[in-house]
Amino acid sequence: MYFKDISKIKYEGKGSDNPLAYKFYDKNKVVAGKKMSEHFKFAIAYWHSFCGKGTDPFGAPTLNFKWDYSSDPILAAKDKADAAFEFIEKMGFDYFCFHDYDLIEEGKTLKESEDRLSKITDYIKGKQKASSIKVLWGTANCFSNPVYMNGAATNPDFNILARAGAQVKMAIDATIKLGGENYVFWGGREGYMSLLNTDMKRELDHMGRFLTIARDYARENGFKGNFFIEPKPMEPCKHQYDFDSATVIGFLREYGLQDDFKLNIEVNHATLAQHTFQHELQVAADANMLGSIDANRGDYQNGWDTDQFPNNITEVTEAMLVFLKAGGVHGGGVNFDAKVRRNSVDAEDLFVAHIGGADIFARALLIADEIINSSPYENLRKNRYSSFDKGNGKVFEENKLDLSDLCKIAQESGQISLQSGKQELFENIINQYI
Ligand code: XLS
Ligand code: NI
Ligand code: NI
């Protein structure tokens, strides 16, 4: 046991002052026709919670992981899996997400990595059988190894692209073996540092082809889940090709991938792209491609991916309005792609952070559901468009008016009165229900 002082986290309600209890996340509570646990499918991110030890560009690790002492990579990986499973069970979550080399340290050769992955996935499979913990998604880390400094699927060197192919194949195999429900691509190095040395069109064609053959391989091997692309505009690249939801949707349609791929929206990536989280969710939902969420938050003053745990109730409430109205996500869930600050060095800090994250989503879901069902919000929004529900507006929506028709209607309609957008009223309603 790695967290022996901490017992299973329970729901104690808003009145509780126990820092190690849920105040809002009541797993079995039904909201909008589904249990909270089904709406969210909360997942822990293996990399932040069990691998990242608090380094930053200026400092050494601060977190002392009790599972990270063995010099034998297989034993170390097993200890890490024990810690992860103990944590997930104590949180009462059902899922985790992983990169290939989060599970076990990469070998010196592809063959050695493959053997290691096969051993650790055997072990984790056993642990899954003994619990009910599932994989929300798996992915390949095609960005840390120096070979990927010029990209993976978009590398100008074919040999590196092939190597990325081998790695993605192995990560898909591992995901299938562990019953993973989805598979993610996050292209941290798929982009450029300088356009001067970059043939963008050629690189994008390569990426389109790479994703196509990865999909084909997974399907041939029985994978039925969704593929997700996780947009991010920059960091580590100056410019990343999967910039934001709209860009990725255009890319997927261009390369004929729109039926198998959906989007995994991360809060801090949205804000890095100068959008809100809710904007990115809405764009994905409108294209019927809202697949999953990487929950975290950025910092208003810092310009990078700080990956802090979510705690902004207004932001998450507005996001939950989009989420509920979209009917939730396709196949995915809410993965806490977030890390405790490097000075949060107590074992219980990891629990407190995840409790806060689950609670803010639960609270926001309850509020958003109430806004939709009991407040004037829905009608106010609908009424803004009422001129399209009847008369010429309706005929326009039926695609039966041309530009000359519009001209004629405008000439006949006389003085037009201005309609208020009521933004402040909308904002007040959100605040009132929070
Ligand atoms: C990095 C990404 C990464 C993906 C998985 O910014 O969020 O963690 O979620 O590769
Ligand atoms: Ni992410
Ligand atoms: Ni991120």
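The values are calculated or read from the model by the stated rules, or taken from the named source; none is laboratory data. As the structure is a computational prediction, the values presented were derived from the model and not from experiment. Methodologically, a virtual Cβ is constructed for each residue, glycine included, from the backbone with ideal geometry; neighbour enumeration extends over all protein chains shown. Please note that ligands, DNA and RNA were not included when accessible areas were found on the heavy atoms of the full protein model with its side chains. Shrake-Rupley method; radii C 1.70, N 1.55, O 1.52, S 1.80 Å.
Tabulated results
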| read-out | value |
| --- | --- |
| Checklist (1) open to solvent by 70 Å² or more (accessible area, probe 1.4 Å); (2) under 18 Å from Gly180 (Cβ atoms) applied to Asn159, failing item | (2) |
| Qualifying position, being of a type in the set (S, T, N, Q) and open to solvent by 50 Å² or more (accessible area, probe 1.4 Å), among Asn343, Asn312, Asn296 | Asn343 |
| First in the range 165-186 and on the phi > 0 side of the Ramachandran plot, second anywhere and of a type in the set (Val, Ile, Thr), Cβ under 9 Å, 6 or more apart | Gly179/Val135 |
| Qualifying position, being under 24 Å from Ser118 (Cα atoms), open to solvent by less than 50 Å² (accessible area, probe 1.4 Å) and either within 16 Å of ligand 1 (Cβ to nearest atom) or of a type in the set (Lys, Arg) (or both), among Asp94, Asp100, Asp79 | Asp100 |
| Number of the exception - Ile213 against (1) within 20 Å of the chain's Cα centre (by Cα); (2) away from ligand 1 (no atom under 14 Å from the Cβ); (3) open to solvent by 60 Å² or more (accessible area, probe 1.4 Å); (4) touching a residue at least 40 places away in the same chain (Cβ under 8 Å) | (1) |
| Residue count, the range 30-58 (criterion: open to solvent by 20 Å² or more (accessible area, probe 1.4 Å) and either under 28 Å from Ile104 (Cβ atoms) or touching a helix residue (DSSP H, G or I) at 6+ places or on another chain (Cβ under 9 Å) (or both)) | 11 |
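Residues are listed down the side, and each one gets a yes or a no for (1) hydrophobic (A, V, I, L, M, F, W, C); (2) surrounded by fewer than 17 Cβ atoms within 10 Å (Cβ to Cβ); (3) more than 16 Å from ligand 3 (Cβ to nearest atom):
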{"site": "Thr271", "(1), (2), (3)": "no, no, no"}
{"site": "Leu281", "(1), (2), (3)": "yes, no, no"}
{"site": "Ala285", "(1), (2), (3)": "yes, no, yes"}
{"site": "Asn302", "(1), (2), (3)": "no, yes, no"}
{"site": "Leu321", "(1), (2), (3)": "yes, no, yes"}
{"site": "Gly328", "(1), (2), (3)": "no, no, yes"}
{"site": "Gly332", "(1), (2), (3)": "no, no, no"}
{"site": "Glu348", "(1), (2), (3)": "no, yes, yes"}
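For (1) of a type in the set (S, T, N, Q); (2) closer than 30 Å to Ser132 by Cα; (3) more than 16 Å from ligand 2 (Cβ to nearest atom), each residue gets a yes or a no:
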{"position": "Glu181", "(1), (2), (3)": "no, yes, yes"}
{"position": "Val184", "(1), (2), (3)": "no, yes, no"}
{"position": "Ser194", "(1), (2), (3)": "yes, no, yes"}
{"position": "Ile213", "(1), (2), (3)": "no, no, yes"}
{"position": "Asp216", "(1), (2), (3)": "no, yes, yes"}
{"position": "Asn226", "(1), (2), (3)": "yes, yes, no"}
{"position": "Gln240", "(1), (2), (3)": "yes, no, no"}
{"position": "Ser245", "(1), (2), (3)": "yes, no, no"}
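Yes/no per residue for (1) open to solvent by 20 Å² or more (accessible area, probe 1.4 Å); (2) within 20 Å of the chain's Cα centre (by Cα); (3) away from ligand 1 (no atom under 16 Å from the Cβ); (4) farther than 22 Å from Tyr148 by Cβ:
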position: Leu195; (1), (2), (3), (4): yes, no, yes, no
position: Met207; (1), (2), (3), (4): no, no, no, no
position: Asp242; (1), (2), (3), (4): no, yes, no, no
position: Lys262; (1), (2), (3), (4): yes, yes, no, yes
